1. Scan region 15-47 for residues that are touching a strand residue (DSSP E or B) at 6+ places or on another chain (Cβ under 9 Å), over 17 Å from Ser2 (Cβ atoms) and without any contact (Cβ under 8 Å) to a residue 40 or more places away in the chain and jot them down.
2. What tally of residues in region 44-55 results from selecting those that are loosely packed, with under 12 Cβ neighbours inside 10 Å and at pLDDT below 95?
3. What number of residues within region 17-36 are under 12 Å from Leu53 (Cα atoms) and of a type outside the set (Val, Ile, Thr)?
4. Take the residues in region 1-43 that are β-branched (Val, Ile, Thr) and in a loop (DSSP other than H, G, I, E, B); name whichever of them is surrounded by the fewest Cβ atoms within 10 Å (Cβ to Cβ).
Amino acid sequence: MSPTVVVRAQRAVVAGTERPAAVVIDGERIAAVLPVDAPVTAPEVVLGADEVLLPGLVDSHVHVNEPGRTEWEG
């Protein structure tokens, strides 16, 4: 099976260190973290110079409501 996508970033946080990386995604899982210029046969997403790849990070600008306010979707 070939990877679903490869995400290339000059700024990626890997094991607590910022470095260039190519993150290979297979289905819903990270299959490999490679050097940014590693050859991978898959569709690519290339992040801009001002973007940082943080695998596993959830967008912190999500409005989470406690039970009882589920009608508010702010």
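1. Within region 15-47, Ala15, Glu18, Arg19, Pro20, Ala21, Val33, Pro35, Val36, Asp37, Val46 meet the criteria.
2. Total meeting the criteria: 2.
3. Matching residues across region 17-36 total 5.
4. Applying the filter and picking the extreme gives Thr41.
The values are calculated or read from the model by the stated rules, or taken from the named source; none is laboratory data. Source: prediction; values computed, not measured. No Cβ is skipped: glycine too gets one built from the backbone with ideal geometry, and neighbour counts run over all protein chains shown.
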